[in-house]
Each structure stands twice: as structure tokens, then as C-alpha cells.
Amino acid sequence: MPMKKSVPAESPDAYVASMSGWRQQHVRALRSTVVDAAPLQELVKWGHLVYFSNGPVLLIRAEAQRILFGFWRGRRLRGIEPRLKPGGKYEMATLELMEGTPLAQATVVELVKEAVALNAIHGDPTDLSPARSKTAG
């Protein structure tokens, strides 16, 4: 029997409403803190919440047993949050949140503000064109 594909949420509100329990509580709290920390465009992209400012800045992805809180320039943010695990393309690093994982609101605010500032300085982290890559870093 073929596996059913989930239908992506139509909006960030629908994304949050599609979950329950601790994951919904954590995603609501993260989302609220993120949007209050900096002026960001919020979209459902690639099946989860993605926030943009001069390119993608961060993501919030709820999975069955965890929430991923990831940053496109996350490797540069490990001084703020050492639990960010590098991986993937670009300078991606992600914090894995399980039920009960502590994460201070002040840390989230600092991460968001620094990630937005890095995009303001270095541009879109996904733009790997030769001209951009010479100025990034």
C-alpha cells in the first residue's frame, strides 16, 4: 500500500493548528518569540515554517517526536547556542528540541537577531554565485 503524503499547511496558523500537545505549545512559543524579535517574512515552505530577511534566516519544523529549530547561518551562531548541530548545505545548523528540552526565550531572541544581522551583512545565504561567495565570510 503506498504511503500517504501529508498536505502542506496553507498558512503558518494552519501549520501550528495541525499539531497538538507539547509540540504545538513549543512551536507557538518559538513562533511568537521569533516574530517579536525581528522583522521577518513568515511562510510555510518545504513543509514547515521558514522565516526570511534578505534570504532564508531560520526554520521551525515539527516532526513526530521532535522540533527542529534551524538557522541557515547557524554554524556562526554556535557561540550563542552551542547545542546547534552543523549539517546540510550552506552554513546550516539545527537545534533539536524534544519534550522538556530547555531553551531560554532570551537565547531565541539573541539567535534571531544575530541571524538577521548576518544576512544583512553577507546577503542571502543560499546565493552561492561567485560574486557573492567572495564577499560572504
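The values are calculated or read from the model by the stated rules, or taken from the named source; none is laboratory data. All of these numbers come straight from a predicted model, not from anything done at the bench. So basically every Cβ, Gly included, is an ideal-geometry build from the backbone, and we count neighbours across all protein chains shown.
Quick notes on this one:
- Test: residue in region 27-37 that is surrounded by 17 or more Cβ atoms within 10 Å (Cβ to Cβ), part of a strand (DSSP E or B) and small (Gly, Ala, Ser): no
- Every condition in (1) without any contact (Cβ under 8 Å) to a residue 40 or more places away in the chain; (2) assigned to a strand (DSSP E or B); (3) not β-branched (Val, Ile, Thr) is met by Leu58 except one, and the failing one is (1).
- The residues in region 81-102 that are surrounded by 18 or more Cβ atoms within 10 Å (Cβ to Cβ) and either closer than 19 Å to Pro125 by Cα or touching an Asp or Glu at 6+ places or on another chain (Cβ under 9 Å) (or both) can be counted, and the count is 8.
- None of Ala131, Ala106, Ala120 is farther than 19 Å from Ala37 by Cα, of a type in the set (Gly, Ala, Ser) and either modelled with pLDDT under 95 or loosely packed, with under 14 Cβ neighbours inside 10 Å (or both) except Ala131.
- Region 66-78: number of residues that are touching a helix residue (DSSP H, G or I) at 6+ places or on another chain (Cβ under 9 Å) and either small (Gly, Ala, Ser) or over 14 Å from Leu30 (Cβ atoms) (or both): 5
- For Tyr51: the one exception among (1) aromatic (Phe, Trp, Tyr); (2) at pLDDT 95 or above; (3) farther than 18 Å from Ala117 by Cβ: (3)
- Within region 41-58, the residues that satisfy the criterion of being surrounded by fewer than 20 Cβ atoms within 10 Å (Cβ to Cβ) and not hydroxyl-bearing (Ser, Thr, Tyr) are Gln41, Glu42, Leu43, Val44, Lys45, Trp46, Gly47, Phe52, Asn54, Gly55.
- Filtering region 2-11 for residues that are under 13 Å from the mean Cα position of the chain (by Cα) and surrounded by 17 or more Cβ atoms within 10 Å (Cβ to Cβ) leaves an empty set.
- In the condition set (1) over 13 Å from the mean Cα position of the chain (by Cα); (2) under 20 Å from Pro125 (Cβ atoms), Ile60 is compliant with all but (1).
- Taken together, the residues in region 62-108 that are in a loop (DSSP other than H, G, I, E, B) and basic (Lys, Arg) amount to 5.
- Criterion (over 29 Å from Ser20 (Cβ atoms) and either out of contact with any His (no Cβ under 8 Å at 6 or more places or on another chain) or touching a residue at least 40 places away in the same chain (Cβ under 8 Å) (or both)) met by exactly one of Gly79, Gly74: Gly79
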